[in-house]
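Structure first, then comments.
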Amino acid sequence: MKELRRRFPDVSDADLRQVLAWPLELLKKYPGRFLSLHVKDEIKSEKGDMSGYESTVLGTGVIQVKEVLDTARKQNADTHFIIEQESYQGKSPIDSVKEDLEIMKKWGY
């Protein structure tokens, strides 16, 4: 029980989906305990890791990224968000980062 009271210092929303639970469910179960989130979206892919998914531009995959961000920010205004993407679906990494950043700005982050 003591473990559940601790804050989670750093976690990836996609890792939560792969290992524990969908990130939104976990944020709601442990409100205010996330100091930073690696923000990542994923699509189903045969090229992906063992989970059958690979990262993609924010807002285009299966993770409810904006809702995860909004929930985390509501619970803790000091939560830090780190954009993470390792797969680019034929785009250059720089173009993908620019797209991710524009989406974050559009969402108010």
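The values are calculated or read from the model by the stated rules, or taken from the named source; none is laboratory data. Note that the coordinates shown come from a computational prediction; the quantities given were computed from them, not determined experimentally. In this analysis, Cβ positions are derived from the backbone assuming ideal geometry, glycine residues included, and neighbour counts consider all displayed protein chains.
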Report the residue count in the range 80-99 for those that are surrounded by 12 or more Cβ atoms within 10 Å (Cβ to Cβ), in a helix (DSSP H, G or I) and either in contact (Cβ under 8 Å) with a residue 60 or more places away in the chain or of a type in the set (A, V, I, L, M) (or both).
1
Options LEU58, LEU69; residue that is part of a loop (DSSP other than H, G, I, E, B) and crowded, with 18+ Cβ neighbours inside 10 Å
LEU58
Residue under question is ALA77, and the condition is that it be in contact with a Leu (Cβ under 7 Å, 6 or more places away or on another chain), of a type in the set (Gly, Ala, Ser) and either surrounded by 17 or more Cβ atoms within 10 Å (Cβ to Cβ) or closer than 20 Å to SER36 by Cα (or both); does it hold?
no
Residue list for the range 49-64, filter: among the polar types (S, T, N, Q) and touching a residue at least 24 places away in the same chain (Cβ under 8 Å):
SER51, SER55, THR56, GLN64
Quick check on the range 17-56: of everything there that is of a type in the set (A, V, I, L, M) and under 11 Å from the mean Cα position of the chain (by Cα), which residue is modelled with the lowest pLDDT?
LEU24
When residues of the range 24-48 are filtered for being free of Cβ contacts under 8 Å to residues at least 12 places away in the same chain and surrounded by fewer than 18 Cβ atoms within 10 Å (Cβ to Cβ), how many remain?
3
